[in-house]
Amino acid sequence: MENQTKMQEAFDAGISLTKKAAERLSAVMEAEGKKGFGLRMKVTTGGCSGMNYDMSFEENKNEFDKVFSSQNMQIYCDLKSYLYLKGIKVDFSSDILNGGFKIVNPNAERTCGCGTSFSV
């Protein structure tokens, strides 16, 4: 029973945003005229570690998307990408040298120095 509970928790693991990330995303959405849109999270192939994170804004979810809510923002993720993104947390830093969006991915075995590419 304990293993089944852990498996269900892993399957249900969401995608979350820190307060700073949500504030920055909201500001960018408003600047682009996309206020009220959702955040699309997906994985593409490429990068120095094999897979890249991709974030964009979409007005509506797709038919087979998993949908999460974090910091009052809707997050859409296709099922294939979700296999690699379950349980991630998106943060934002305004630090001059290392600023930008940072993704903490418990599924990644290796990440590149810039933080936009990973492997599992």
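For the stretch 30-70, enumerate the residues that are in a loop (DSSP other than H, G, I, E, B) and out of contact with any helix residue (DSSP H, G or I) (no Cβ under 9 Å at 6 or more places or on another chain). If you could, list the steps in order and put the result at the bottom.
From the stretch 30-70, those in a loop (DSSP other than H, G, I, E, B) are 32-37, 46-50, 59-65; that's our starting set.
Listed by number, the residues that qualify are E32, G33, G46, G47, C48, S49, G50, E59, N60, K61, N62, E63.
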*Which condition number in (1) out of contact with any strand residue (DSSP E or B) (no Cβ under 8 Å at 6 or more places or on another chain); (2) at pLDDT 95 or above; (3) among the β-branched types (V, I, T) is the one that V67 fails?*
(1)
*What are the residue pairs meeting all of these: first residue in the stretch 49-67, first residue more than 17 Å from K34 (Cβ to Cβ), second residue among the basic types (K, R), Cβ atoms under 6 Å, and 6 or more apart or on different chains?*
S49/R110; V67/K61
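The values are calculated or read from the model by the stated rules, or taken from the named source; none is laboratory data. All figures in this text were calculated on a predicted structure; none of them were measured in a lab. We place every Cβ from the backbone using ideal geometry, glycine too, and count neighbours over all the protein chains shown.
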